[in-house]
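Q: Got a structure here, written out as structure tokens. Questions coming.
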Amino acid sequence: MDSFLIQGGVPLRGVISISGSKNAALPIIMASIAVDDEVTYTNVPDLRDIHTTIRLLNILGREVGLEQGTVRVKNGVLGMEAPYDLVKTMRASVLCLGPLLARLGEAKVSLPGGCAIGARPVDQHLSALEKMGAVFDLENGYIHGRCPDGLRGAQIRFDFPTVGGTENVLMAACLAKGETVLENVAREPEIVDLANFLIRCGARIEGQGTTMIRVQGVDRLHGCTYAIMPDRIEAGTFLVAAGVTGGELLLKNCPVEDMSAVVDKLRDAGMVIEETEEGVLARAGEGGLRCVDVSTRPHPGFPTDMQAQFMVLMCCAQGSGLVEENIFENRFMHVQELVRMGADIHVTGSSAMVRGGRRLTGAPVMASDLRAGAALVLAGLAAEGETRVQRIYHVDRGYEHLADKLSAVGARIRRVKEED
Ligand code: EPZ
């Protein structure tokens, strides 16, 4: 397993180009299952989860080419089983369920296990698809879904705005018979990107990005070429990097229009964030950083995927701030690792009280999940001395060439091999 070795204390200065969004690319590439034609994707990030998605499409019988950010999914006969050994490495594999049912009328997908940040069940996905005529059996850890007469449009209201649930059902509804009305859906920008891709393939969708989406089913989806939107969480992570290192970064291809909650909070915390012709410029303000309270919410609220990174900014700021995690039940795995670096953080239930104003010191720490790993890298960049972030395969899932991008703006970071 690899680690990052970081010598902290260097203000980062320079230009970073934001890559394509992992959380847009995964459902959008998975949606090719519903398209009986060749599909070409551009601006696809080079990430572990993308390679896993391509492996899944291969297992399902689709030939996939990948080179320099372009993914080509050839047409082909489809299998219908997503095996446990693959699904256990990437929960988002469950997003093949909706398109497979829509295209083949059957799907056998390993029930995704939980993960470090929570149980993450898929009950909302299944109950919505059942309303569209699917019947599910749970056998040997697999969800076996059938809809021999095809899916039919339905009125569906989610108990809460689940991102994956919205994506699975949106893809299924494109090929269902009749109209599907989805209410209390997720409004994340990645949902809008998925809908825009499906519309490019001939789907009839309205309301993406609002709390209600209407879909008129069509007989088939044709191929297209589609560019994946930039990654707002990668961008937010680099904005924090500028703040915690006391440097200044210019982010190119930064989807700032999708980042209001994050940008507003960073400005409240004393960061200067300017939109310029060349991109988004970020630095800590003259008055330094100050702690503010933050609560994670579904979009357009503050994203849970930025919670760990923001907590590191709070560790480097003056005062104290309360961080509330309202989306996942166990998304404070980074706290104990930050405490080992000298942070003053106390967790009570779903809240963490952060007392800033203390210099972080380098230490060996361990990534437990993707965003916790990113937060530990940020902490290492800010800390005095050397930090070794272990198990960075978590980070490789969602950050393209992270060490290269950081080194290019002055960070002293390198990947090292660890004995397993
Ligand atoms: C997506 O996960 C993202 N992953 C996550 O990003 C992100 O944190 C999350 O949305 C919330 O924004 C991808 O897009 C690949 P949810 P997803 O369904 O779809 C519960 C990252 O770091 N729930 O909105 O799994 C669930 O347990 C990753 O890039 C049910 O109870 O999120 C969780 O507590 C991490 N039943 C909450 O809802 C269900 O049927 C939010 O889940 C579905 C979800």
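Q: Of the residues 267, 297, which is open to solvent by 10 Å² or more (accessible area, probe 1.4 Å), charged (D, E, K, R) and within 16 Å of the ligand (Cβ to nearest atom)?
A: 297
Q: List every residue pair whose Cβ atoms sit under 9 Å apart, with the two residues 6 or more apart in sequence or on different chains, where the first one lies in region 51-69 and is in a helix (DSSP H, G or I) and the second, anywhere, is surrounded by fewer than 18 Cβ atoms within 10 Å (Cβ to Cβ) and among the small types (Gly, Ala, Ser).
A: 59/79
Q: Look at region 321-339 and say how many of its residues are of a type outside the set (D, E, K, R), within 26 Å of residue 386 (Cα to Cα) and more than 16 Å from the ligand (Cβ to nearest atom).
A: Here is the first cut: in region 321-339, the ones of a type outside the set (D, E, K, R) are 321-323, 326-328, 330, 332-336, 338-339.
Then keep just the ones that are within 26 Å of residue 386 (Cα to Cα); that gives 332-336, 338-339.
Then drop every residue that is not more than 16 Å from the ligand (Cβ to nearest atom), which leaves 335-336, 338-339.
So the answer is 4.
Q: Another question, if that's okay. Looking only at helices (runs of 4 or more DSSP H) that lie completely in region 340-420, which have at least 2 residues being under 18 Å from residue 1 (Cα atoms) and of a type in the set (A, V, I, L, M)?
A: Here the list reads 370-382, 402-407.
Q: I'd like to verify a number: residues in region 342-380 that are within 15 Å of the ligand (Cβ to nearest atom) and either of a type in the set (Lys, Arg) or more than 25 Å from the chain's Cα centre (by Cα) (or both), how many?
A: Residues that pass the stated criteria total 1.
Q: A further question on this structure: Given the conditions (1) within 16 Å of the ligand (Cβ to nearest atom); (2) in contact with a His (Cβ under 8 Å, 6 or more places away or on another chain), report the number of the one that residue 307 does not fulfil.
A: (2)
Q: Take the residues of region 146-161 that are within 16 Å of the ligand (Cβ to nearest atom) and open to solvent by 20 Å² or more (accessible area, probe 1.4 Å): which is nearest to residue 214 (Cα to Cα)?
A: 157
Q: Could you list all residues from region 82-107 that are without any contact (Cβ under 8 Å) to a residue 60 or more places away in the chain, open to solvent by 50 Å² or more (accessible area, probe 1.4 Å) and not in a loop (DSSP other than H, G, I, E, B)?
A: Correct list: 84, 85, 104, 106.
Q: Kindly indicate whether residue 383 is surrounded by 20 or more Cβ atoms within 10 Å (Cβ to Cβ), more than 20 Å from the chain's Cα centre (by Cα) and among the small types (Gly, Ala, Ser).
A: The answer is yes for residue 383.
The values are calculated or read from the model by the stated rules, or taken from the named source; none is laboratory data. On a predicted model such as this, the values are computed, not experimentally measured, just so you know. Note that we place each Cβ from the backbone using ideal geometry, even for glycine, and neighbour counts take in every protein chain shown. Please note that ligands, DNA and RNA were not included when accessible areas were found on the heavy atoms of the full protein model with its side chains. Shrake-Rupley method; radii C 1.70, N 1.55, O 1.52, S 1.80 Å.
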